[in-house]
1. Can you sort Arg41, Arg169 by 1.4 Å-probe accessible area, starting with the largest?
2. Kindly write out, for the stretch 146-157 in residue order, the coupling ³J(HN,Hα) from the Karplus curve 6.51 cos²θ - 1.76 cosθ + 1.60 (θ = phi - 60°), rounded to whole Hz, with x marking Gly and Pro.
3. How much length is gained if the chain between Asn136 and Asn56 is pulled fully straight, taking 0.36 nm per residue apart and subtracting their Cα-Cα distance, in nm to one decimal?
4. First check a/c for the stretch 68-204, with a ≥ b ≥ c the square roots of the eigenvalues of its C-alpha gyration tensor; if it is under 1.5, answer rounded, and if not, answer prolate when a/b is larger than b/c or oblate otherwise.
5. Given H placed 1.01 Å from N in the peptide plane, which residues other than close sequence neighbours of Tyr184 have an amide H under 5 Å from its amide H?
6. Suppose the chain between Ser103 and Val86 were pulled fully straight at 0.36 nm per residue; how much longer would it get relative to their current alpha carbon spacing?
7. Can you figure out the FRET efficiency of Ser47 with Ala170, using R₀ = 35 Å and their beta-carbon distance, to the nearest 0.05?
8. Enumerate the amide H contacts of Gly73 below 5 Å, restricted to partners 5 or more residues apart or on another chain; note that Pro and chain-start residues carry no placed amide H.
Amino acid sequence: MRKIDQLTVGGFMLLTLALGCAKDANKSSTSGDGAKTTVPRAALPQSAFNLWKTCNGTPYNISGTNGIAIPVGNCSTDIDAAQQKVGQNATGMQFNGAFKGGSNANSGASEEAVFVCDNVTQWNGNEMGFVKTLENNDLKAYLQGGGQYITALISHNDNGYHTFKCQARANNTHMVDFYVDGVYNCTLTNNSGSYYNKFYYFVGTNHWYGGSTPTGQQIEMYNMTTY
């Protein structure tokens, strides 16, 4: 993914392809194919994550909860993350939380994201999750894999708290269903990627590459779960 490649200097830049989020005519408004086989596999505590930064956006455990906050720093290049230490086989993920963003970044390279990925070395593997671009405060569903980066708009200017879930399909490993607050939102397909039952790491991260100061912008994630 573009934002994850930026975690490593000189990372491979992927082709970005923005597609509409396809509604599946065979789905109800509240459930998808993945929901039929969804079983929680791992609830992830704060201690399951390494918290790190490159500049002044310092991730921290939210006291009295199982949550983690990842503020957006304001150095010219500022990358911060909560990264799961040890992964697990999974078909999806869920968390409660908020993407508190804005529209004051210089470009869409500045962003916040929560996702699961199967490569935390080159950051160029299969990934599925949610990303907010900070030049327009758009929240999107996304898939990465096989050199493709596919997104679809979920909401605009929504900094509120929600439950976010993505679930890969068993009957077509190129497809992932996305849910917000328990309601089926859409499905993305990437025929260059594969998402069902991979060895995934749960990650929350943000990147800042310039703009007016992003005061108050941060990811908050609670009740992190893989499926």
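The values are calculated or read from the model by the stated rules, or taken from the named source; none is laboratory data. All figures in this text were calculated on a predicted structure; none of them were measured in a lab. For neighbour counting, all protein chains shown are included, and Cβ atoms are generated from backbone atoms with ideal geometry for every residue, glycine included. With ligands, DNA and RNA removed, areas are computed over all heavy atoms of the protein, side chains included. Shrake-Rupley method; radii C 1.70, N 1.55, O 1.52, S 1.80 Å.
1. Arg41, Arg169
2. x, x, 10, 10, 10, 10, 8, 5, 9, 7, 10, 6
3. 26.5 nm is the gain from fully extending Asn136 to Asn56.
4. prolate
5. Sorted by chain and number, the residues that satisfy this are Thr30, Ser31.
6. Separation in residues times 0.36 nm, less the Cα-Cα distance, equals 2.7 nm.
7. With a Förster radius of 35 Å, E is 0.70.
8. Sorted by chain and number, the residues that satisfy this are Gly57.
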